[in-house]
1. What about His50, is it touching a Ser or Thr at 6+ places or on another chain (Cβ under 9 Å) and surrounded by 15 or more Cβ atoms within 10 Å (Cβ to Cβ)?
2. Scan the range 68-87 and give yes if some residue there is without any contact (Cβ under 8 Å) to a residue 12 or more places away in the chain and either in contact with a Ser or Thr (Cβ under 8 Å, 6 or more places away or on another chain) or under 18 Å from Cys23 (Cβ atoms) (or both), otherwise no.
3. Name the single residue that is nearest to the chain's Cα centre (by Cα) among those in the range 1-22 being at pLDDT 90 or above and under 11 Å from Trp87 (Cα atoms).
4. Could you say which residue among Gly55, Gly97 is within 11 Å of the chain's Cα centre (by Cα) and surrounded by 14 or more Cβ atoms within 10 Å (Cβ to Cβ)?
5. Considering the range 8-67 alone, what residues qualify as being among the charged types (D, E, K, R) and assigned to a helix (DSSP H, G or I)?
6. Failed condition for Cys68, given (1) over 17 Å from Cys6 (Cβ atoms); (2) surrounded by 15 or more Cβ atoms within 10 Å (Cβ to Cβ); (3) in contact with a Lys or Arg (Cβ under 7 Å, 6 or more places away or on another chain), with all others met?
7. Give the residues of the range 68-111 that are part of a helix (DSSP H, G or I), among the β-branched types (Val, Ile, Thr) and closer than 18 Å to Pro44 by Cα, sorted by residue number.
8. Please verify whether the range 28-41 includes one or more residues that are among the charged types (D, E, K, R), at pLDDT below 90 and over 21 Å from Ile109 (Cβ atoms).
Amino acid sequence: MGEYICKAIIYKDLEDLYGPCGCGMDLAVLPILLPKTWFLEEKPIEVEDHGFGTGIDYRRISGINYNCVLDHKVEDIEFFANFSCCWDCATWAVESGYAVWTDKEYPMILR
């Protein structure tokens, strides 16, 4: 498995219930930032296979419209916010090499 230039960022500090996780086995309780390049170019195959970050995050939903995806820059890399996952998926993503944990606080502008 190769190293990825753009990895998802998983925050441990703001644990809440965001909706069902994309794995379908648990509830998403960790906010994540997904690299914008995953949507504009191509996601790593492991991300597609695992369904990482594909759950229905309540912060993105207004009625039946998905319209609250926020842009956010971290160290000159563009990310999409208002995605989430469960602890098991977060651990899997980090172990698989396409995500990293961060001890930083979730950005106030995204709350």
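The values are calculated or read from the model by the stated rules, or taken from the named source; none is laboratory data. Computed from a predicted structure; not experimentally measured. Note that each Cβ is placed from the backbone with ideal geometry, even for glycine, and that neighbours are counted across all protein chains shown.
1. Details: touching a Ser or Thr at 6+ places or on another chain (Cβ under 9 Å): yes; surrounded by 15 or more Cβ atoms within 10 Å (Cβ to Cβ): yes.
When the stated conditions are applied, His50 passes them.
2. Checked against the condition, which is being without any contact (Cβ under 8 Å) to a residue 12 or more places away in the chain and either in contact with a Ser or Thr (Cβ under 8 Å, 6 or more places away or on another chain) or under 18 Å from Cys23 (Cβ atoms) (or both), the range 68-87 yields no hits at all.
3. Selected residue: Ile10.
4. Details: Gly97 fails: within 11 Å of the chain's Cα centre (by Cα).
When all the criteria are applied, what remains is Gly55.
5. If we filter the range 8-67 for residues that are among the charged types (D, E, K, R), which is where we start, we get 12-13, 15-16, 26, 36, 41-43, 46, 48-49, 57, 59-60.
Answer for the range 8-67, where residues must be among the charged types (D, E, K, R) and assigned to a helix (DSSP H, G or I): Glu46, Glu48, Asp49, Arg59, Arg60.
6. (2)
7. In the first step, residues of the range 68-111 are kept if they are part of a helix (DSSP H, G or I); the result is 87-96, 108-110.
Restricting the remaining residues to those that are among the β-branched types (Val, Ile, Thr) gives 91, 94, 109.
Those that are part of a helix (DSSP H, G or I), among the β-branched types (Val, Ile, Thr) and closer than 18 Å to Pro44 by Cα: Thr91, Val94.
8. Within the range 28-41, one or more residues are among the charged types (D, E, K, R), at pLDDT below 90 and over 21 Å from Ile109 (Cβ atoms).
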